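To start, the structure itself, in structure tokens.
The values are calculated or read from the model by the stated rules, or taken from the named source; none is laboratory data. Computed from a predicted structure; not experimentally measured. In this analysis, Cβ positions are derived from the backbone assuming ideal geometry, glycine residues included, and neighbour counts consider all displayed protein chains. Note: areas computed on protein heavy atoms with side chains; ligands, DNA, RNA excluded. Shrake-Rupley method; radii C 1.70, N 1.55, O 1.52, S 1.80 Å.
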Amino acid sequence: MRNILSLLFFIFMGTVSGQSLKIKNLEQSLSQANSDTGKLALLVKISIAYTDHDPIKSVHFAEEALLLSKKNHHKEAEMGSLNSLAFSLFVIGNYSRGLKTSLEALKLAQKLKNKRGQVMAYNIIGNIYRRQGAYKSAVTNLLLAKDICDADKSIPCDPIISTLGICYLETGKTDLAMDFLQRVYQQHIKSKNEGISITYNRLGDLQYKLNNIPLALEYYRMGVKSANEYDKPRWLCFNYVSLAELYLKEHQTDSSIVYGKKALMLAENKFLHQAQKAAVILSDNYTRLKESDSTLKYLRLAMVIKDTIQSNKEESAIQNLVFDERLQKIENAENEVKLKEERSHNLQYSAIAATLILFIIVFLLLSHSILVNESIIRFLGILSLLIVFEFINLLLHPYLGEFVHHSPILMLCLMVFVAALLIPLHHKLEHWITNKLVEKNTQIRLTAAKRTIEAVEKNNPT
């Protein structure tokens with residue numbers, strides 16, 4: 001399970017070439033996997049592999065991994081699956097559920113004291129807040145992740161610093177953005193990190209904001225090159241859109257149209273938010289060229305994509321309900337198993353206590369040297385009555401509850417009836433034991449008196 005978690009972490013942090021995985025082979029291996037542990041590992045890998053290729057499928061496989069991890073009580077894997085699901089939801093733009101899922105992952109990571117899991121969750125939470133424009137909350141969570149990374153050097157901090165850099169850029173703090181993004185850039189160049197495509201794109205955004213157009217173009221082109229090299233279609237699409245937007249603003253219409261169409265082709269049915277941006281950029285370009293047919297075509301396409309995004313949100317809401325229902329069934333099954341185990345343990349404890357008291361009573365009855373006060377027997381009798389009653393209650397409660405449909409009044413009546421049967425039996429048993437103890441005590445006293453008389457007669461012969 002720790003291997004799965006480590007794989008998840010490095011994928012999110014841009015250090016594992018997950019996009020080079022052959023998804024079809026993984027899916028074939030999944031269909032042939034026999035053990036749940038093997039299936040879980042493959043589900044996580046497939047979800048990761050789909051993140052930059054088809055995020056909708058990535059969500060599906062992450063959900064399956066989460067269900068399977070809960071079913072098998074693998075807490076580490078459950079945490080990793082939650083983070084994987086949260087990241088996939090972030091990619092498709094389902095921010096509300098993504099935030100909820102990442103907060104669940106964070107809570108579990110904190111409970112497990114898993115620092116890597118906490119960094120992953122904080123990073124996703126920060127990204128979601130950034131996309132929603134809540135930069136203060138985004139920076140707060142990202143700085144919490146950075147603090148953990150600073151305390152544990154084995155956890156890569158590059159993605160945290162990179163996202164902090166883009167947060168500072170989008171809030172106008174270009175000096176801080178330059179410092180953070182340059183640090184990530186130097187580290188990625190040194191380590192040949194596949195996440196450098198993201199860094200190139202963000203450096204391009206920074207240079208464009210600083211009005212350094214040639215350098216911005218160079219960074220975007222380098223982002224395109226690295227995205228192709230590492231098979232990152234999602235970030236390739238981001239760089240295409242950035243290039244199309246830059247050329248549009250620089251009145252280089254032909255170049256803007258070329259990259260806009262590339263982005264649209266790549267994003268279609270997969271990266272809808274980028275597809276919508278590309279369609280709007282193409283519409284603006286054709287408006288500038290006064291080609292009304294093409295303008296209307298891409299404007300309509302942008303509206304269709306917008307409607308599709310809204311439709312996907314509604315469909316996603318329904319799927320969320322279905323998934324939550326499946327999750328609830330698993331949790332109910334887990335709770336039922338826990339209740340059965342707890343009931344079994346309670347029955348065993350009650351049986352042990354009743355046996356122990358019975359043993360003490362029998363020992364006191366059979367002992368020929370111990371005088372026992374009747375009040376002790378009464379106390380032990382009452383205690384044993386209560387324990388036996390509790391034992392019967394634990395034993396019969398599920399069956400009686402089902403019989404009377406868990407009606408409190410009927411359950412109370414049945415328990416009173418059981419008590420009414422036990423009390424007379426207890427009194428008779430207590431009376432019998434008391435008589436036996438009186439006889440035993442009398443016998444012990446007589447025996448002791450005889451010994452005393454015999455000793456006196458030996459010491460005083462007549």
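To put it simply, the accessible area of segment 114-269 at a 1.4 Å probe is 49 percent carbon and sulfur. Given their separation in residues at 0.36 nm each and the Cα-Cα distance between them, Gln348 and Lys249 gain 27.9 nm when the chain is fully extended. Between the alpha-carbon centres of segment 266-294 and segment 226-244 there is a gap of 17 Å. Note on Gln443 and Glu268: the extension gain reaches 53.0 nm, defined as 0.36 nm multiplied by sequence separation minus the Cα-Cα distance.
Can you tell me the FRET efficiency between Ser311 and His427 if r is taken as the Cβ-Cβ distance and R0 is 60 Å, rounded to the nearest 0.05?
In this case the efficiency is close to 0.20.
Report the local net charge at Asn123: Lys and Arg +1, Asp and Glu -1, summed over other residues whose C-beta lies under 11 Å from its C-beta. Within the 11 Å Cβ shell, the charges total +2. Using the Cβ-Cβ distance between Val404 and Asn72 with R0 = 51 Å, the FRET efficiency computed as 1/(1 + (r/R0)^6) comes to roughly 0.90.
Based on the alpha-carbon gyration tensor of segment 98-192 and its eigenvalue square roots a ≥ b ≥ c, which shape applies: rounded if a/c is under 1.5, prolate if not and a/b is larger than b/c, or oblate? Taking the square roots of the gyration eigenvalues as a ≥ b ≥ c, segment 98-192 is oblate. Residues whose amide H falls under 5 Å from that of Asp54, counting only those 5 or more places apart or on a different chain, are absent, with hydrogens built in the peptide plane.
Note on Asn212/Met303: beta-carbon distance plugged into 1/(1 + (r/R0)^6) with R0 of 41 Å gives a FRET efficiency of 0.75. Simple spin-label estimate for Lys190 and Ser29 gives 3.2 nm between the two label positions (7 Å along the Cα-to-Cβ direction from each Cα).
Checked against a 25 Å cut-off, the cross-linked pairs Lys70/Lys111; Lys249/Lys290; Lys225/Lys290 give Cα-Cα distances beyond that limit for Lys225/Lys290.
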